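Heads up, the thing below is written out as structure tokens.
Please treat every number below as a calculation from the coordinates, not as lab data. Because the structure is predicted, anything quoted here is derived from the model rather than measured. Quick reminder, even Gly has a Cβ in these numbers, built from the backbone with ideal geometry, and neighbours come from all protein chains shown.
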Amino acid sequence: MEYDPPINNDSDEDIAMPDDMPDEYYQGIRKEGRIRRIVVDKQACIGAMSCTVVAPLAFQMDEEDIAYVPEGHDATDEETLLLGAQSCPVLAIHLYDKDGNKVFPEE
Ligand code: SF4
């Protein structure tokens, strides 16, 4: 059976909101580690699916072929998460730390 967890709706009250969030996004919030917020820019995603191949527990595709961050995403270690973000050909995945600073892509 295909792994198809629901789109999660993590609360982000404890971490700073970045000031460069995309207009439309999916996100996942991590409780520990350097990377605390995973964001997929829905308008940038072209459905290439490389993120879901590299980090399948952190990224899944929705009905419109846009990557989202499913429940259970925090089972993915930071290195795999970073590799998943780096695999995106259009850099639609943004990773932030607790203070809202961008971890990836570097600016
Ligand atoms: S790799 Fe990038 S473009 Fe492809 S599905 Fe993931 S977020 Fe979207």
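Could you give the nm distance between label points at M21 and V53, where each point is 7 Å from its Cα heading toward the beta carbon?
Spacing of the two 7 Å Cα→Cβ label points: 3.2 nm.
Please compute the modelled spin-label separation between Q86 and I46, points set 7 Å along Cα→Cβ, answer in nm with one decimal.
Going from the I46 label point to the Q86 one covers 2.1 nm.
Given a Förster radius of 41 Å and the C-beta distance between R34 and E63 as r, what FRET efficiency does 1/(1 + (r/R0)^6) yield to the nearest 0.05?
Details: r = 32 Å, r/R0 = 0.78.
Working from the Cβ atoms, E equals 0.80.
Run the numbers for D12 and A75: contour at 0.36 nm per residue of separation, minus the present Cα-Cα distance, in nm.
20.9 nm
Run the helix sum for the chain: -39,500 (n - 2.57) per DSSP H stretch of 4+ residues, divided by residue count, reported at 222 nm to the nearest 500 deg cm²/dmol.
Numbers: 2 runs with 14 residues, N = 107.
Value at 222 nm, helices only: -3500 deg cm²/dmol.
Treating only the Cβ of Lys, Arg, Asp and Glu as charged (+1, +1, -1, -1), what charge dipole size does the stretch 36-102 show about its Cα centre? Round to the nearest 20 debye.
On the way: 5 positive and 12 negative charges, 48 e Å.
My answer is approximately 240 debye.
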